[in-house]
Every structure is written in C-alpha cells, then in structure tokens.
1. Scan region A:469-490 residue by residue and report those that are surrounded by fewer than 24 Cβ atoms within 10 Å (Cβ to Cβ) and touching a residue at least 40 places away in the same chain (Cβ under 8 Å).
2. If we only count helices (runs of 4 or more DSSP H) wholly inside region A:210-321, which ones have 2 or more residues that are closer than 24 Å to A:Phe148 by Cα?
3. Hey, can you tell me all the residues within region A:234-260 that are within 13 Å of A:Gln65 (Cα to Cα) and touching a Phe, Trp or Tyr at 6+ places or on another chain (Cβ under 6 Å)?
4. Please indicate, with yes or no, whether at least one residue in region A:486-504 is more than 26 Å from A:Thr360 (Cβ to Cβ), at the interface with chain B (Cβ under 9 Å from one of its Cβ atoms) and out of contact with any Phe, Trp or Tyr (no Cβ under 7 Å at 6 or more places or on another chain).
5. Quick one: would you say B:Ala267 is in contact with a His (Cβ under 6 Å, 6 or more places away or on another chain) and either modelled with pLDDT of 95 or more or buried (at least 24 other Cβ atoms within 10 Å of the Cβ) (or both)?
6. Mind checking which residues of region A:163-182 are more than 33 Å from the chain's Cα centre (by Cα) and either at the interface with chain B (Cβ under 7 Å from one of its Cβ atoms) or crowded, with 20+ Cβ neighbours inside 10 Å (or both)?
7. Can you tell me which residues in region A:183-198 are of a type outside the set (A, V, I, L, M, F, W, C), within 8 Å of chain B (Cβ to nearest Cβ) and surrounded by 13 or more Cβ atoms within 10 Å (Cβ to Cβ)?
8. Going through B:Val413, B:Val396, B:Val400, B:Val430 one at a time, which residue ends up being touching a residue at least 12 places away in the same chain (Cβ under 8 Å), more than 13 Å from B:Gly455 (Cα to Cα) and among the β-branched types (Val, Ile, Thr)?
2 protein chains.
Amino acid sequence: MSAGLTPQSLADRHRATLDTALDTIRTRGYWSPYPEHPKAYADAEEGKAAFEALLGHPFLFAAEQPGTDEWTGGERSPYGMELGVRYPHPDPDVLLPAMRAAMPAWREAGPLTRALVCLEILARINARTHEVAHAVMHTSGQAFTMAFQAGGPHAQDRGLEAVAYAYAEQVRAPQTAAWVKPQGKRDPLELRKSFTAVPRGIGLVIGCNTFPTWNGYPGLFASLATGNAVLVKPHPQAVLPLAITVSAARDVLSEAGFSPDLVCLAADRPGEGLAKTLAVRPEVRIVDYTGSTAFGDWLEANARQAQVYTEKAGVNTVVIDSTDDYRGMLSNLAFSLSLYSGQMCTTPQNLLIPRQGIDTEAGPRAYDEVVADLAAAVERLLGDDTRANALLGALVNPDVRARLEAASGMGEVALASREVAHPDFPGAVVRTPALVRLDAAKPDTEEVFMAECFGPVAFAVAVDSTAEALRLLRRTIRDHGAMTVGGYTTSPEVERQLEEVCWEECAQLSLNLTGGVYVNQTAAFSDFHGSGGNPAANAALCDAAFVAGRFRTVEVRRPA
Amino acid sequence: MSAGLTPQSLADRHRATLDTALDTIRTRGYWSPYPEHPKAYADAEEGKAAFEALLGHPFLFAAEQPGTDEWTGGERSPYGMELGVRYPHPDPDVLLPAMRAAMPAWREAGPLTRALVCLEILARINARTHEVAHAVMHTSGQAFTMAFQAGGPHAQDRGLEAVAYAYAEQVRAPQTAAWVKPQGKRDPLELRKSFTAVPRGIGLVIGCNTFPTWNGYPGLFASLATGNAVLVKPHPQAVLPLAITVSAARDVLSEAGFSPDLVCLAADRPGEGLAKTLAVRPEVRIVDYTGSTAFGDWLEANARQAQVYTEKAGVNTVVIDSTDDYRGMLSNLAFSLSLYSGQMCTTPQNLLIPRQGIDTEAGPRAYDEVVADLAAAVERLLGDDTRANALLGALVNPDVRARLEAASGMGEVALASREVAHPDFPGAVVRTPALVRLDAAKPDTEEVFMAECFGPVAFAVAVDSTAEALRLLRRTIRDHGAMTVGGYTTSPEVERQLEEVCWEECAQLSLNLTGGVYVNQTAAFSDFHGSGGNPAANAALCDAAFVAGRFRTVEVRRPA
C-alpha cells in the first residue's frame, strides 16, 4: 500500500463503522452511517457543477483502463437533454486478462483489508453524493430528492451491508487451526491447517436503468469484498452514476497500492447487447443482474460457468381486508403508488378488495367507495404540481408511457393519469398514476392483472372475499413472483393467513402500513429486499446466501 | 410432539452436542461425538443379525409411505450375493404433494427444534452402526472396517456438521427486531419486524454407489434441518444403507410429533432413471448429487427450478518434488492408492515426478527408483492377503474392473494389479492397484492421464521439472477438476508455488503427508471436502454456502 492509504489509516477511519454494520445485520435495528438529508452535505453547488462538467465529454479515469477499443455513449435524460458523455468500450480479450492479473494481490490482502478498502470507496462515493444524485436523476428520471437519497446514502448503505456480510462470511473459518486426533496409546495425529478465502474470478454487474446505484452496489461490493475483480456493465441509458462509482473505486484501489483494474467499466455500443457477450466469458464467474425476466432467465440458462444472482419482474399485491385507520391506509397507499411514478420493482400493482367492501374504524366501506377514496387520496397527494414533480419524477422511457396509455383500455378507469408540466425541464414526461378497476370474476381478467404492468398503473381488483384474495395472492407469487406484499386487516386470523401465504410462497410482507413507512421501501441492515425464493428474484439483498457463493475456502494442511 | 420426544428431552440429550459442533466448525479442531472403533459399539452380533434379517424381504417402514405404486430392487453385493431386498417405488403425483403437506409444521417448529430432531435421528442411526456397516459393505464393496467407519461414524459426523451449519445460518437474523428511525423533531418511525427461516420445498438426494451414507448425509441433513422435506433416491445398487437411514428418520419424526413423510425413499425400477424424472419436478427445489460428470452436468442444466449441489469426477494429482522422509512418503502414498482399491473420489491418480529424479534425506533418487520404490511399498503393504482384503475391499462394479484391465495398455506397467482371494466371499472381485509409467513429453500422453480413470490405477508421470509439474497441476484442476491435491517438497519456494496454484485454481492441498493422515481422507468439522470452485464439485462439504441457499428468510413488518 502507498503511504496514502495504509492498513492502519484505513482501520482508524473505518473499523468502527464496519463493526457497527456487523452488529446491525445481526440485530437488524435502524442504522445508517450516511446521512440521508441533502442539507447534511455542504457541497450542493460543487456537486452540481461536477456533474455538469462531465456532460459532453469523454469520461476519463485517472488510470486508463486496459483494452479500450473505442468510446461510446448515448444517454438521454428522462428530463429531456442529451448527456453527451462517452465511455470506454472494452476489448474483452485484453480487459478481462488484465483484471484477472490484478486479483492475486487482492486475494492476499485478506478479508479485513478488502473490507476497509471497500469502506473507503464508499466514503469517497458518499463525498460525491450530490454529483451522483444529479447523475441518477438524469438517467433514471427520479426526482432530485429521491435520486439523492435512493441513489446516494441508501445505495451506499446497501453497499456497506454487502461488505459486512462478505466480511462476516469470510472469517467464519479461522485463518489457521491445529488438529490433534488421539490415537489411544500411540502418539496423536497432528496437522496444522490454514484456511484462505479465495475469489471465484471476475464478477459482472449488469446495471438497470431505474436504480443504477441502489441495485448495482450490493453485487459490486459483495464481489469485490470477497476478493473478486468486478466489471460493471451499466444499462446503456444509465451509465454515468456507475462510471462515477467505478472512478471512485479505481482511485481508492490505486491509493491503497492495488491495481485499479480490480474495478472496471464496460459500456455498450448502441444496440450491441454487450452483457450477453461478457456474461458467458470463462473469466466471468459471478453475474449480478437487475432487469427483465426474459434476459434474467437467459442469463440463468446460459451463464452456466458463473454464479448468477438475478432480480427480475414480479407482480406486487396488496390485500385489503379491513383497517382501523382508513385515512392512514389511503394516504399510505396513495404515496406508494405515486413515488417515482410506480417505477419501482417494489411498487404495488394489484389492490385486491372484497366486492362487498371492507370494515373500517368508521364503519363499512363498499368496494366502489374504497376505490373512489383511494383515487381521491392520490389526487389530493398530487394536486399541487410542485409536490407532484417532487414525488413522481419523470417516466424513464417511452415503453412506460406506452403501457400507461394502454392501461385505460384494460378496465374501467377510476383515476385517469394526468400530465404534469415540469418547471425546469419542459422535455420531461411526468405523469400521475392511473387507477383501473377490474373484476377478478370476469373472464380473461386474471391474465390482465397477473402480468407485470411496470409503471404508474395500479389495478383495484374486486374479489369475492378475503379468502379469494389470499388464493389470488398465493397464485400470483408462485407463478409470477413478488418483490413485496402488503396487507391491511384488523383480523388476527386474516393476519395469520397472510403470513402463512408469505411464508409458504416466500415473499416479504408489510402489514397495516399507515404512516411514514411504505411497502415499496426497504432499509438496509434491517429489511431484506426480495426473498430470493419466488420467481421475482433468485437472491435477496442482502443476506449470507448472497455472498457465501462468491468465494471459496481453500485449505492447506501439513504435519504439525 | 408426543410424550416420547419433547423439546425438553431433545434438548437434554443433544443441546450440548449441537453447541460443541457449532464451536468446532468455527475453531476447526479435531472432534467427533461418534466413536469410530467398532469395539465401542456393543451390538456387533445384533447389528449383523439385523442386517441379515433384512435380506430377501420387502423393506417396510413403521409408517407406510404414501403413493407407493410398486416394490422394486435388485442389489447385488460386490462380495457376490444378491441382497434380495425390495423397496417402495413412488408415484410422484401422490408422494410429492404428501411430502409438501408435511412441511408447514416442520417450518413452524423452528431451527432449534429441527436441529435437535436431526441429532436424535443421527443418534438412532449411530445406534444402528453395525447394521449400517454391513449394508454399506455389501453395496459399496468397502471392506468391513472402512464400511463401518466411513459409512457409520464419519458419515454421521458429516450429517451433524451439516445440521450445525444449517442451524448457525438460520439464526443469523434475529426472530424479531424493533426498528426505530429518528425523524428530527417529529416522532420516530417505528416498526416491529419478524424474521422466519422458510424452506424452499423438497430436497432430492441422489445417492452414489461407493459412499451412500457419507456422501448422502450432508445434503439430507442440510435440507431437513433448514425446514425442507427430503426425498432420498439412492443408487440402484446401494439402496439399503439409505433405506435404513430413512427408516430411522421417519421413526424419530413420528415420535416427535411430525409427519414421517418429511423423509421418504424413492427406489428406481431397473434401468428406469428415476432421478431424471424427480429432479425436474416443480416441487423439488433442491438437488444433492454425487456421481458422474455427465449426469451432474445434466442436472445443473435441466433442474433449473432447484438449487443443485453436485460432486462429480475429478483428476487428483500429487506433485513429488523432494522429501525429507522418503520411506514415510512412499508408505503414505501406497496406503492412499490402496485404500478401497482407489475407488474414492479423493484417491490420487497422477503422481508427477521430475524426470531427473527428486532429492530425499538419503540423497537423490532417480525417477525410475522412485517408481520402483513406490511399487515395492504397495507390494509390501498388500503382500499379506488378509491385510490386503481389509484395505482393498471389492471392486464396486464391472466398469472398474474393465478400466483396470485396460490400464496396462496405457503405458509401461511398473506394478501389475494382482487378484486377491477373499476367504469368506469367493465371488468378490478384489484387486491390488496398478501403477503405470507415463512420460508427459510423449505425444498423446496428456490425454491419457488428464482423463479420470476411476479405480485402482495410478499413473507415475515423468515430467521435465517441478515447474512443469505445477503447470500440469494447474491445467488439470482448471480443465478437469480435483477433489484433492497432494504435494511433497522440502523447498519453501515450491511449497509456496503449490499453495498459489491451489489458491488460484481452488483446490484443497495436503502437503508432505508421511504419517497416519492420508490425502484421500477428510475429517468433518475441520476439513472441507472439495472446494466447490473447480469442475470436480460445485459445493464443498460442508460450509455456509452449502446450506445458505436451502432456505430463505421471510420478513413480516408492522407498525410498532
């Protein structure tokens, strides 16, 4: 290591944070080392300027990547402007061997040094949160505050969480052990053993358009902390946040005396489908992917030389049986449907409501009333354009807009989507969510709501009963997967039935949320994101299973 | 639970053993709760009689399995006799749903009760060790003492080790957590969270012919302890040891108040290939397999609905550079090559020896001398027929015999295999190992020794230098996999180079074994069996990665 970042200086800065993270993944209380309020960061203007200085230029790393055969890019902000940044496109035959060559020294550094270096990388990214926030906003379409929080500190939390799990996992075997087996009256058999966590190879992170950092950091840091090199292949429309991330990682690795090529960026040529080429390379032994079910399934079937962790599509359901806080339920659901225009993998899609209505603290409400009241709650929440823009953000791409426009043909529109003008970005496509009434008893209706309709569309589905809702919930999770399940009930029996379905079908359940926590939000160190046990995802962010397969333990034994 | 096995009585009997196992998988010293000496078990005659009583009859469980559509069997002992036992063949459409129906109560019992029930099952199996030993001997062909130890206490150790890992993994998240997020001057956000380990579904254990219990128990107990039901599909020639195991498990489950159908047996019709049918059933979510590379690859490619853990073929190498205990090295290697006629997945196949010879404490030895001395050591070890029979056991099947007979055509025979007559079983095919000289520099020779030649055949391969041996070792592991690597050297530099190869290619290394520990033996709680990182196996027995994916954690959160 260079004088800049020594094991001691890294430990002084980060050891306590690592220890708290290790403690919190066991106790699962609230904790974050990264403040989530933009005002906690002094450099709002500098961060914005740093972002703007990147636009229209090639994105240069301090240490050039090996094997760059051309420069490519074509990001267009959902807020309307071209970013004009160009990124290195790799020749895999040059880049991948260079990355592999960087690995032995990283392996030899051991789990603790790797963890501390990762924490320094996260600290550098944290210091650039404003810059990253603008990059996330202008690639994902998230409104600024959300881009700041979800793309900044919350993503950093998920990265740190992965580092903590990776560290904990690697030190479960001791570095050395003495083995002494008694042999009766003869001398015992004695061996000296050493155990070394060794990496698998290169980890490929395939980024998504909507949450490039939040969904990218767990795999990136889990693979890096377990000794692997990491190649980041961002979504072609969301390269910049991950390019900044890779840049920070490369700087820190160099300063700590390691090869910067342990973390590299691979940008697609337009329409190239580079992920398909990289994912089946023999050097690539781990793949982390967030995106469509079709490509996730392709990766699982074809990238057989690698451990493949996927988060794919799902259909999220809320079962509405009864509530003792009707207003709270409505405003909570309204917020969940509106946040980032429903473009979260965790946004509820199907609200299953008994046809005969529900019980509330103010007496029964008919199905029609519940739907109308929810529509009104969404309208109230988004009635003011400034607030609407701050919550909704922009539609990430034309497909989402097309789906939204098609939604009114799928059923009876209870709440129509409306256009919201953005004061700063006239090119932004900002839309409020549509609420569509469906009746589960009608023919061919089930196919409509059991398919993922990603974007600002929710279905208020009339069902025969809560029991029928539970059956539909079970089938939805089993056949289509779910990242989240919500439930509202005052009945302990229904609560237990909801739990049973989620335990048996393996889905994460939020019950009776009426305040400031939403079904679509999870907190690192405490909540699991996805279960890894239903078709929506084969891994959870973040647990031991997410890291345990990224390295192997090699034992060397010799006579004592 | 019935009065027989209560949580308290189970804890009284097994909690201390579980705690010691949990401690030992962290410290990795020597430990076993199951004595390995046959004399430690009082019931030698009763055990043999119990085994003999099973022969020629249908194998009946105390509680009949659902969905048995016929009785099948056709085991012939490698020692010559027909076993004549018949086993239930399942109708999967009846059996698998019955097994699934048994799971909710087992999930609800929680990790600790599951672990304690598993320990009681292991205790029952341990009490039947003599019976199991005869069953292992007469299916695998192992000599009695080995069948007793490897098929009995050592297999039970591996089962207990899997239970310990499974328990540790499931309690890494707390059962409940309070989450309190400060909100500045406003009231904090507060949630109550619960975390439940939920099973994946049915675990299918596909047994092998040579080590039905040792290789079967880790997957069986890892899946069962994590809440899954387990269907055991033994090798058609090695059903009996696993039938006894399933019987013990069903008894204990019933006595503890659970459905016995949490553990079931599925026997093949002759030539049926039942594993192929079962492995792709949607109810089957975990597969544990030991056997050929071809079928292992098939499972990995096709059982896509399941987590697939495979141990396949590999090519094990010993690099001989130098030694300061030449006699010790020769006798250690002679024993490794002879034990169970080389029919262990861990038996060395290729001994890479520099053409110009090696240094020893008594001066240099030429390649020819080393080969001749090793041949003499094997002859000395096996010169007495009683001792030879006790070490070699019988060839498990005619394929092994055919390979052995073909081996003399592969190179120059340094030590010919000889027939050993068995005093009690004239039908047994008992053979000493053949040692064949090859020269790596000769054309087409590499293909010979780089293919697995399973059975009592070892190649003494002349190589240009130790450096060339290291290159061949690396290529062998990378392209063909290895369960074990051995090395003999007095040079710290060569030792380091051997370690580097094994760290980079992910193989378990034994250095300079000259005493009573052999490269082909691993001890539960301390040694990893396989690395899971080279083509020989995608999992190690037993580590956290082996259990972490067998269950998922489902979180339920609600306002506090």
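The values are calculated or read from the model by the stated rules, or taken from the named source; none is laboratory data. Keep in mind the model is a prediction, meaning the values are calculated, not measured. When we count neighbours, we look across all protein chains shown, and the Cβ atoms used for this are built from the backbone with ideal geometry, even at glycine.
1. Here is the first cut: in region A:469-490, the residues surrounded by fewer than 24 Cβ atoms within 10 Å (Cβ to Cβ) are A:470-472, A:474-475, A:478-480, A:489-490.
Correct list: A:Leu470, A:Leu472, A:Arg478, A:Asp479, A:His480, A:Thr489, A:Thr490.
2. Working: elements: A:217-225, A:240-255, A:274-279, A:293-302.
Of the helices (runs of 4 or more DSSP H) lying wholly inside region A:210-321, those with at least 2 residues that are closer than 24 Å to A:Phe148 by Cα span A:217-225, A:240-255.
3. A:Ala243, A:Ser247, A:Arg250
4. Quick first cut of region A:486-504, residues more than 26 Å from A:Thr360 (Cβ to Cβ) only: A:503-504.
Still in the running and at the interface with chain B (Cβ under 9 Å from one of its Cβ atoms): A:503-504.
Next, only the ones that are out of contact with any Phe, Trp or Tyr (no Cβ under 7 Å at 6 or more places or on another chain) stay: A:503-504.
Looking through region A:486-504, at least one residue is more than 26 Å from A:Thr360 (Cβ to Cβ), at the interface with chain B (Cβ under 9 Å from one of its Cβ atoms) and out of contact with any Phe, Trp or Tyr (no Cβ under 7 Å at 6 or more places or on another chain).
5. Working: in contact with a His (Cβ under 6 Å, 6 or more places away or on another chain): yes; either modelled with pLDDT of 95 or more or buried (at least 24 other Cβ atoms within 10 Å of the Cβ) (or both): yes.
For B:Ala267, the condition - in contact with a His (Cβ under 6 Å, 6 or more places away or on another chain) and either modelled with pLDDT of 95 or more or buried (at least 24 other Cβ atoms within 10 Å of the Cβ) (or both) - is met.
6. A:Ala177, A:Ala178, A:Trp179, A:Val180, A:Lys181
7. Here is the first cut: in region A:183-198, the ones of a type outside the set (A, V, I, L, M, F, W, C) are A:183-188, A:190, A:192-194, A:196.
Filter again for within 8 Å of chain B (Cβ to nearest Cβ), leaving A:183, A:193, A:196.
Once the filter is applied, which keeps residues that are of a type outside the set (A, V, I, L, M, F, W, C), within 8 Å of chain B (Cβ to nearest Cβ) and surrounded by 13 or more Cβ atoms within 10 Å (Cβ to Cβ), region A:183-198 yields A:Lys193, A:Thr196.
8. On the way: B:Val396 fails: more than 13 Å from B:Gly455 (Cα to Cα); B:Val400 fails: more than 13 Å from B:Gly455 (Cα to Cα); B:Val430 fails: more than 13 Å from B:Gly455 (Cα to Cα).
After ruling out the rest, the residue left standing is B:Val413.
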